[in-house]
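Q: Let me begin by handing over the structure; questions about it come next.
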Amino acid sequence: MNFQLLTFSAAAATAVTLLGAPAAQAQINTPQPSPKSTVMQRVGLTDVTIVYSRPGVKNRAIFGTVVPYGKRWRTGANATTSIKFSDDVTIEGKKVPAGEYGIYTVPAAAEWTVVLNKNLKLGADVDGFKDDQDVARFTIKPYKLPAKVETFTIDFTDITPATANVEMTWATTGAKFKITADVDSKIAAQIDEKITKNANPAPADLASAAVYYNDSNKDPKQALAWIQKANVAEPTKFWNLNTEAKIRLKMKDYKGAITAAEASKKAALAATPANTEYVKMDEELIAEAKKMGK
């Protein structure tokens, strides 16, 4: 056998090997039975992000069966459910530093234990849980839902300027815990810098501070002083005039509330285009002030 024949035979053998071996392929990508979900919410001035997977009921008994009572649960499916805070917060009275944590729960018929833990990689291996990595632990009361929830859901509810509830619902059971953000100290620092220590505060800052004080039921006299100063500087800002009317109404200065609301209405009608939404709000406030002032 000459060299040329040997070369041909080797090439042919290689070709047969390559043709006979299955080609390398990426794994087929199919939908997950418990798809991943991300929910985000700003609570006060703090960003909160939850990442979890969503199993379905699928004609199963859930709590007490699929999710056994008295056993630690990853609060979802697949990977560990996580919650991330951009700033320090308080949860059910427990201080929680900014950071990302796993949410683990121990459901029971009458009470759930919720644990935030530094370990984000346990997944289904909840037996590997270590208590010394806990950041917060608290209890909450489950409740019966008015309608069945087929897919496990975590969402933010009952949102206020400084708080929000994290609500977990699945099958016929719900449970929730409250997050409180540190808003007051942050806004107080801004007010101190931009208004108190500023000889010429911007009208927008004065108005923002007044709205915050009014919404938070803080010193109404101070709120009124700020919004009046803003309105002197910018007398055609109908939304700020409406704020003054609301503050005066809360202070039971009905005559002053009517005057401010009428000024707001006039400015709203003069805007291009006219702002009928504020016109309506002003008219409603005027009617309320007249009724309360009788």
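The values are calculated or read from the model by the stated rules, or taken from the named source; none is laboratory data. Because the structure is predicted, anything quoted here is derived from the model rather than measured. When we count neighbours, we look across all protein chains shown, and the Cβ atoms used for this are built from the backbone with ideal geometry, even at glycine. These area figures cover heavy atoms from the full protein model, side chains too; ligands, DNA and RNA do not enter into them. Shrake-Rupley method; radii C 1.70, N 1.55, O 1.52, S 1.80 Å.
Q: Counting only protein heavy atoms and a 1.4 Å probe, tell me what percentage of segment 60-145's accessible area is made up of carbon and sulfur.
A: Carbon and sulfur together cover 48 percent of it.
Q: Considering only protein heavy atoms, what per residue accessible area in square angstrom results for the chain with a 1.4 angstrom probe?
A: Per-residue value: 58 Å².
Q: If contacts are Cα pairs under 8 angstrom and at least 6 residues apart, what is the relative contact order of segment 61-117 in percent?
A: 35 percent
Q: Ok, one more. Roughly what angle does helix 276-292 make with the longest principal axis of the chain, taking Cα atoms, 0 to 90 degrees, to the nearest 10?
A: For helix 276-292, the angle is close to 50 degrees.
Q: Which order do the peptides 112-122, 88-98 take when ranked by the mean count of other beta-carbon atoms within 10 Å per residue, highest first?
A: 112-122, 88-98
Q: Taking the Cα centre of the chain as origin and charging only Cβ (+1 Lys, Arg; -1 Asp, Glu), how large is the dipole, in debye to the nearest 20?
A: 640 debye
Q: Also: Measuring from label point to label point, each 7 Å out along Cα→Cβ, what is the Asp182 to Thr30 span in nm?
A: For the pair Asp182/Thr30, the computed spacing is 4.9 nm.
Q: Let me ask something else. What full-extension length gain, to one decimal in nm, is calculated for Glu283 and Asp155 as 0.36 nm per residue of separation minus the Cα-Cα distance?
A: Stretched out fully, the Glu283 to Asp155 stretch lengthens by 42.4 nm.
Q: Relative contact order of segment 191-294, please, whole-number percent, based on alpha carbon pairs below 8 angstrom and at least 6 residues apart.
A: Contact order relative to length: 19 percent.
Q: Taking Cα pairs under 8 Å and at least six residues apart, what relative contact order does the chain come out at, in percent?
A: 11 percent
Q: Now, a different point. Evaluate the Debye formula for segment 113-217 with equal point scatterers sitting on the alpha carbons, no solvent, and hand back log10 of I(q)/I(0) at q = 0.12, 0.25 Å⁻¹, in q order, two decimals.
A: Taken in order of the listed q values, log10 I(q)/I(0) reads -0.67, -1.32.
Q: Hey, another quick one. Let me spell out the model: positive unit charges on the Cβ of Lys and Arg, negative unit charges on the Cβ of Asp and Glu, origin at the Cα centre of segment 193-259. What dipole size does that give, in debye rounded to 20?
A: 200 debye
Q: So how do 204-213, 179-188, 133-142 stack up, highest first, on mean other-Cβ count within 10 Å?
A: The peptides rank, most packed first, as 204-213, 179-188, 133-142.
Q: Under a plain spin-label model, where a point goes 7 Å from the Cα along Cα-to-Cβ, how far apart in nm are Lys58 and Lys290?
A: 6.4 nm
Q: Post the alpha-carbon centroid distance, segment 231-293 to segment 164-213, in whole angstrom.
A: 24 Å
Q: Ignoring ligands, DNA and RNA, what percent of the accessible area of segment 175-282 is carbon or sulfur (1.4 Å)?
A: The nonpolar share, carbon plus sulfur, comes to 53 percent.
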